[in-house]
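A.B. asks: Below: one structure in structure tokens.
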Amino acid sequence: MPDYVIQAENITVRYGDFTAVNDISVSIEKGEIYGFLGPNGAGKTTTTKVLTTMMKPSAGTVTIGGHSSSANAREARQLVGVVQQHVAVDKDISVRENIICRAMLHKVPRKEIEFRMKELCDVIGLTPYMDRTVQELSGGWKRKLAIVCALMHNPSILFLDEPTAGLDTQSRHMLWDIIHVLNKRGTTIFLTTHYMDEAEALCDRVSIITHGVIHDTGTPRELCEKLGRFTVEYSSESGSKEYRFFDTRESAKEFYDTLPEGSAVVRGTHLEDVFLERTGRTNTKALEKALRI
């Protein structure tokens, strides 16, 4: 049987007449990297707040490491570290001071702070920057600092909300390496991202949510194969892109051969294809009509 560190069952969140999250269930296994994907407004942030005990659901239950998030919120919260998309650190004090302040907020014993801080900063590569103020750091190093702060109380589950949003390619890959290292050291990771290549590179499993409902869950490969292993990407008469999905290369090639020469390609299906098919592609007919006006 899977060893689930988080189990959320039939979670619903309502704001008046609006339902932000509609009867979803999420199970996260110990030691996995779990991706939560969806467009803006899909319900990702609301779900994350429920799973991290920052918000109580209108209905449903959440268990974190065997602790009910409602009956034993303090014990459940101690198992969780959160890195928000907008880095929540004090820009006017040093890296070292930020880390110590966060550790004290989590009531980490003073005698453990120095050892824990050195261990994490060495692993993440932050040690040379300890006495710099946050405002001297680049975006990537600020994210590193936020990760160290979130790990100071030794949580078993780390939530990363859009951890590489707005970062350059080098910084993104630097953070990917950190995520892999932390995961190999035993940390379970819950990741929200808009980058499908990031989800494919990092995640053991992903869920796709839109309009507050989870539409698919599985490994990236499983979801791609469910849609069709091969994609024919071709241009319509108006010049817009169209997509057809096939289980075999042979069937994809048969369709490809019916299209005008140079108008199509056959390729493997990507997670981005799955995401767009589940959450909605651009309405090309409406776009064509608008562009003719």
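A.B. asks: Considering every residue within segment 149-156, establish whether at least one is touching a Phe, Trp or Tyr at 6+ places or on another chain (Cβ under 9 Å) and among the polar types (S, T, N, Q).
C.D. replies: no
A.B. asks: Here's a check for you: in segment 107-124, which residue that is of a type outside the set (Lys, Arg) and surrounded by 14 or more Cβ atoms within 10 Å (Cβ to Cβ) is nearest to His173 (Cα to Cα)?
C.D. replies: Ile124
A.B. asks: Separate question: Give the number of residues within segment 11-21 that are open to solvent by 80 Å² or more (accessible area, probe 1.4 Å) and touching a residue at least 40 places away in the same chain (Cβ under 8 Å).
C.D. replies: The number of residues fulfilling the criteria is 1.
A.B. asks: Got a number for residues in segment 129-143 being out of contact with any Gly (no Cβ under 7 Å at 6 or more places or on another chain), assigned to a helix (DSSP H, G or I) and open to solvent by 10 Å² or more (accessible area, probe 1.4 Å)?
C.D. replies: 6
A.B. asks: Picking from Ser27, Ser58, which residue would you name as being free of Cβ contacts under 8 Å to residues at least 40 places away in the same chain and touching a strand residue (DSSP E or B) at 6+ places or on another chain (Cβ under 7 Å)?
C.D. replies: Ser27
A.B. asks: Within segment 171-209, take every residue that is open to solvent by 10 Å² or more (accessible area, probe 1.4 Å) and β-branched (Val, Ile, Thr) and give me the one that is modelled with the highest pLDDT.
C.D. replies: Filtering segment 171-209 for residues that are open to solvent by 10 Å² or more (accessible area, probe 1.4 Å) and β-branched (Val, Ile, Thr), the one modelled with the highest pLDDT comes out as Thr187.
A.B. asks: Kindly indicate the residue of segment 255-293 that is β-branched (Val, Ile, Thr) and at pLDDT below 85 and also farthest from the chain's Cα centre (by Cα) among those meeting that condition.
C.D. replies: Ile293
A.B. asks: Could you list, in sequence order, the residues of segment 144-173 that are among the small types (Gly, Ala, Ser), part of a helix (DSSP H, G or I) and under 21 Å from Val5 (Cα atoms)?
C.D. replies: Ala150 - this is the single residue of segment 144-173 that is among the small types (Gly, Ala, Ser), part of a helix (DSSP H, G or I) and under 21 Å from Val5 (Cα atoms).
A.B. asks: Of the numbered conditions (1) modelled with pLDDT of 90 or more; (2) under 27 Å from Glu272 (Cα atoms), Gly41 satisfies every one except a single condition; which is it?
C.D. replies: (1)
The values are calculated or read from the model by the stated rules, or taken from the named source; none is laboratory data. Just so we're clear, the structure is a prediction, and the values are computed from it rather than from any experiment. With ideal geometry, Cβ positions are generated from the backbone for all residues, glycine too; neighbour counts draw on all protein chains shown. Accessible surface areas use protein heavy atoms only, side chains included; no ligands, DNA or RNA. Shrake-Rupley method; radii C 1.70, N 1.55, O 1.52, S 1.80 Å.
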